[in-house]
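Report on the following structure.
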Amino acid sequence: MREQVKWFAEKMESRLAENDHKTGWEDCEREFLLQRLESNFHDLWAGLQAHGSFFDAERVIRKATNIANFSMMVADQARKTMNTD
């Protein structure tokens, strides 16, 4: 596994663990997950547009991680509908 992928996957898992007190994404509507994905994307985009090269790297990583996690949740729900025969 590439070092960058491993690092990012660890960031994703850390963010998921921070939210273990919430119900799982299996109980969420796909539209809710897509709305959260879109909201995080727009926050990231707006922040980068507003601050240019003076962006807050930690905030960028956090938002990117949120986007990746919501994408994973949507993909996981889709995976569960696939015929695995």
Give the residues of segment 49-60 that are in contact with a helix residue (DSSP H, G or I) (Cβ under 7 Å, 6 or more places away or on another chain) and over 15 Å from SER39 (Cα atoms), sorted by residue number. PHE55
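Let's see how each residue does on (1) more than 13 Å from VAL74 (Cβ to Cβ); (2) not charged (D, E, K, R):
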| residue | (1), (2) |
| --- | --- |
| ARG15 | yes, no |
| LYS22 | yes, no |
| GLU29 | no, no |
| PHE32 | no, yes |
| GLY52 | yes, yes |
| PHE55 | yes, yes |
| ARG59 | yes, no |
Considering only residues of segment 72-85 that are polar (S, T, N, Q) and open to solvent by 50 Å² or more (accessible area, probe 1.4 Å), which is farthest from GLU29 (Cα to Cα)? THR84
Of all residues being among the charged types (D, E, K, R) and closer than 21 Å to PHE8 by Cα in segment 24-64, which is surrounded by the fewest Cβ atoms within 10 Å (Cβ to Cβ)? Just the residue, please. GLU58
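The values are calculated or read from the model by the stated rules, or taken from the named source; none is laboratory data. No experiment lies behind these values; they were computed from the predicted model shown. Cβ: placed from backbone, ideal geometry, glycine included. Neighbour counts: every protein chain shown. Accessible surface areas use protein heavy atoms only, side chains included; no ligands, DNA or RNA. Shrake-Rupley method; radii C 1.70, N 1.55, O 1.52, S 1.80 Å.
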